[in-house]
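Here's the structure, in structure tokens; my notes come after.
The values are calculated or read from the model by the stated rules, or taken from the named source; none is laboratory data. Bear in mind the structure is a predicted one, so any value in this text is a computation, not a measurement. Here the Cβ is made from the backbone with ideal geometry for all residues, glycine too, and neighbour counts use every protein chain on show.
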Amino acid sequence: MDGSATDGGESTLVCVRCSKPARLQCPKCVELKLPRANAAFCSQDCFKATWSSHKSVHTEARLPALRADSPEEQISAALSRGWLYCLKKGQSRTSRLPYFDWLGPLRPYPISSKRLVPDSISKPDWASDGIPKVEPMSDLQNTVEIKTPEQIEKMRETCRIAREVLDAAARAVRPGITTDELDEVVHEATIAAGGYPSPLNYHFFPKSCCTSVNEVICHGIPDARRLEEGDIVNGDVTVYYNGVHGDLNETFFVGKVDEASQQLVRCTYECLEKAISIVKPGVRFREVGEVISRHASMSGVSVVKSYCGHGIGELFHCAPNIPHYGRNKAVGIMKAGQTFTIEPMINAGVWRDRMWPDGWIAVTADGKRSAQFEHTLLVTETGVEVLTARLPSSPNVFPW
């Protein structure tokens, strides 16, 4: 360990790790004059447990606000390190930018090699060869599981870890950082908590999280591109811990963002909040899409139809499918004990999407921006519990 917490005296701050009252401050954060709220700990034990992910904050604080390399220089530097462009859903690489009728200003950059996970960490069955075995054949692809109290408690713990991991990434978002560096933050924070980053090698996905920038709707692959002032970036995190998955995502502003992008992101956030507000036993799954579509339409934006929310638990993806658009044909009603995600993807322009040559990255068909928010939810006897809800220690990154 490279540091220890110092006694900060009496404080109303809460521990970054466990949200208990905090009286210690990371000495390196104090030295770098970083925000006290992101450097507060209740004990040396919490500080030590968080160190491997927390120390990334120090590295990023030393970066200049903007690094002046041109895109060509960034790409050249990445290729010189052996990074390559992704092809065939992660099963192939190339040193040449793939040909594509690009729709917006964004381009893929080379990606780094696959990150390693210690042998001591429990892994899903796709970790070694990229192929899920249990999930596609499970009865839970057609039947919505009612979780046992034991399963629900596991889900709560895993979803809390996933929230903390996404929060670590949110703290690192700023102009000049690469999405690969954000992936490293997510990877290290997940491992530090004893978890496995579920996306890593899932159907050969090459990274530990998804980072979807500007016109990317979802499944953005972290790469060598540096985030720029005015970008928006979605961070999508899923953690596998104690046999279950927890999944969430948020869209962040990179520096100062134009008014239209702010409105798009806020509308998307509101779409998710309005959808969550109707979750309770007896509600039809199809109603989620009606609520989201209604609010998006009133705001003059569109709802992506190609991707939907999903059941989650011991499986990463299972029943129910939850479309986010209106007049959908989702079957079934909500029952207490079910866990699933709602994750609307909202476009500033048309709802249609196209796939980049890597086979993963979905972008808007008109090159306009897209935003997304996601929570993992538990249907309770009286309503809903947001398992991935923001914590008292979560960074205050939204202006609303």
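Structure values in brief
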read-out	value
Single residue of N347, N328 found to be over 18 Å from H375 (Cα atoms) and surrounded by 22 or more Cβ atoms within 10 Å (Cβ to Cβ)	N347
Residue identified as surrounded by 16 or more Cβ atoms within 10 Å (Cβ to Cβ) and at pLDDT 95 or above among S122, S112, S128	S112
Unique residue being out of contact with any His (no Cβ under 6 Å at 6 or more places or on another chain), outside the structural domain of L227 (by TED's automatic domain parsing) and without any contact (Cβ under 8 Å) to a residue 12 or more places away in the chain when the list is D139, D69, D119	D119
Qualifying positions in region 297-350 - assigned to a loop (DSSP other than H, G, I, E, B) and of a type in the set (A, V, I, L, M, F, W, C)	V301, V304, C308, I312, L315, F316, A330, V331, M334, A336, A348, V350
From A365, A319, A330, residue being farther than 19 Å from H219 by Cα and in contact with a Lys or Arg (Cβ under 6 Å, 6 or more places away or on another chain)	A330
Scope region 277-296; condition of a type in the set (D, E, K, R) and in a loop (DSSP other than H, G, I, E, B); matching residues	K280
Qualifying residue in region 354-363 (condition: buried (at least 20 other Cβ atoms within 10 Å of the Cβ), touching a strand residue (DSSP E or B) at 6+ places or on another chain (Cβ under 6 Å), at pLDDT 95 or above and assigned to a strand (DSSP E or B))	yes
Among the residues listed as V303, V216, the single one being aliphatic (A, V, I, L, M), in the same structural domain as I322 (by TED's automatic domain parsing), surrounded by fewer than 24 Cβ atoms within 10 Å (Cβ to Cβ) and modelled with pLDDT of 95 or more	V303
